[in-house]
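Accompanying notes for the structure given below.
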Amino acid sequence: MDVLNKVREIITEIMDVDGGTITEETCLIRDLGAESIDLLELAVAVSHRFGVLVQDDEIFLRKFPLYRLEATQAGVDPLPYLTERIPFLPPNRIAEILAERDRAAALKIGDLVRYVRYQQGEHV
Amino acid sequence: MTARYSCKRGILVGGTCELALTLAGLLIRRDITPVLTYRNERGLRTIQETLAPPEDRYETRRLDFSDRNSLATLFDPDDPSFDFMVDFVQGDYEALLAAADDAAVASFFAENISFRAALLKRMARSMLRSRRGRLVYISSAAAENPAFGQGFYAASKLASEALYRTIGLEMGEKGLTTVILRPGYCDAGRGRSFLEKSGDSLKRIPIGRALMAQEIAEAVLFLLSDGAVGINGTVITMDGGLASGKGAMR
């Protein structure tokens, strides 16, 4: 089973959602209404099912605002700065998140899939 | 009525104390496998000498609250998660607050509170995999009513109680529940040596005697039963009625 299908399976087990509607473009918080306790369970399940180390702050992009602030304070272009610090996301995806008004809610299923693939050794 | 138990295997943290060993015996009799933790070889020997063979009816693990590395070995990702945890661990540091050693206080809190928080975090994440887990914290009646010199002990007990309550609050919907038991004067472990020095204390207990290890272990056993799950995120005091009044001598 590929990574997306497995992530979809995990999410349907944890949350009361229809797996058929979940794509890489689905937003975990905005579209599916995931709460912090769901994210916690998701991180645990992803780590267990894929056998990869999951850092909650990394997979859920929690340090994104901090890195954004650091770039501003350092007076550097945020895109390359963030691309270096979030290596599992491609620059175009980071640019997309930068353009979001509510970045915390912008987390997509595809971001989780990319994180898992990165931890499995597939680099962007 | 007989209590029902769907748990099959759980961990007794601080497994070398008399209460834990008594509870382990009760669990084994119900075909529930206790995993007892010990800090050093002496503790391991205590477990082996106290619990009757066959040894395959219980397991042991090393866990030392002053050694962060010992946490890592407790959670093998290939092992099934524990169905429950009973936490008996409590370091000892008695001092008047205004006379306490700063470094000793810092390490006491690091071991008894910070380490416990790290253990609880990992245990909760592990139990989340099976969406089932019962966590029992053995606190003390002294958490609420400390004697002179027990201020740090009480502070660490109250902080630890808060950590357990938090798990019950935050994780209840995911199948993880907690309960805190506060035993009072007990004729076991440190309580026994205290009672030997100050036998008059017993006169203040409405039931007129200290609690036996067996009684406390049986109470914990009930708290691990399926029917006790609704007792979540709360504290139960088991002190023979001492805290119900002013503690006057009879």
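Throughout, read-outs are computed from the coordinates displayed, never taken from laboratory work. From a predicted model like this one, the values you see are computed outputs, not experimental measurements. Neighbour counts are summed over all protein chains in view; Cβ atoms, including those assigned to glycine, are modelled from backbone coordinates with ideal geometry.
Scan the range B:41-60 and give yes if some residue there is part of a helix (DSSP H, G or I), in contact with an Asp or Glu (Cβ under 9 Å, 6 or more places away or on another chain), more than 18 Å from B:Ser160 (Cβ to Cβ) and in contact (Cβ under 8 Å) with a residue 24 or more places away in the chain, otherwise no. Within the range B:41-60, one or more residues are part of a helix (DSSP H, G or I), in contact with an Asp or Glu (Cβ under 9 Å, 6 or more places away or on another chain), more than 18 Å from B:Ser160 (Cβ to Cβ) and in contact (Cβ under 8 Å) with a residue 24 or more places away in the chain.
A:Glu25 fulfils the conditions (1) free of Cβ contacts under 8 Å to residues at least 24 places away in the same chain; (2) surrounded by fewer than 17 Cβ atoms within 10 Å (Cβ to Cβ) except for a single criterion, (1). All conditions in (1) among the charged types (D, E, K, R); (2) within 14 Å of chain A (Cβ to nearest Cβ); (3) farther than 24 Å from B:Ser114 by Cα hold for B:Lys197, with the sole exception of (2).
Counting only residues that are in a loop (DSSP other than H, G, I, E, B) and surrounded by fewer than 12 Cβ atoms within 10 Å (Cβ to Cβ), the range A:63-84 holds 3 of them.
The residue of the range B:159-176 that is nearest to B:Phe82 (Cα to Cα), among those that are touching a Leu at 6+ places or on another chain (Cβ under 7 Å) and more than 14 Å from chain A (Cβ to nearest Cβ), is B:Tyr164. In a helix (DSSP H, G or I), surrounded by fewer than 21 Cβ atoms within 10 Å (Cβ to Cβ) and in contact with an Asp or Glu (Cβ under 6 Å, 6 or more places away or on another chain) - does that describe any residue in the range B:195-205? The answer is no; no qualifying residue exists.
Against the condition closer than 26 Å to B:Ala124 by Cα and more than 14 Å from chain B (Cβ to nearest Cβ), how does A:Ala45 come out, does it pass?
Values: closer than 26 Å to B:Ala124 by Cα: yes; more than 14 Å from chain B (Cβ to nearest Cβ): no.
No: the conditions fail for A:Ala45.
Summed over the range B:124-148, the residues that are more than 14 Å from chain A (Cβ to nearest Cβ) and either surrounded by fewer than 21 Cβ atoms within 10 Å (Cβ to Cβ) or small (Gly, Ala, Ser) (or both) give a count of 10.
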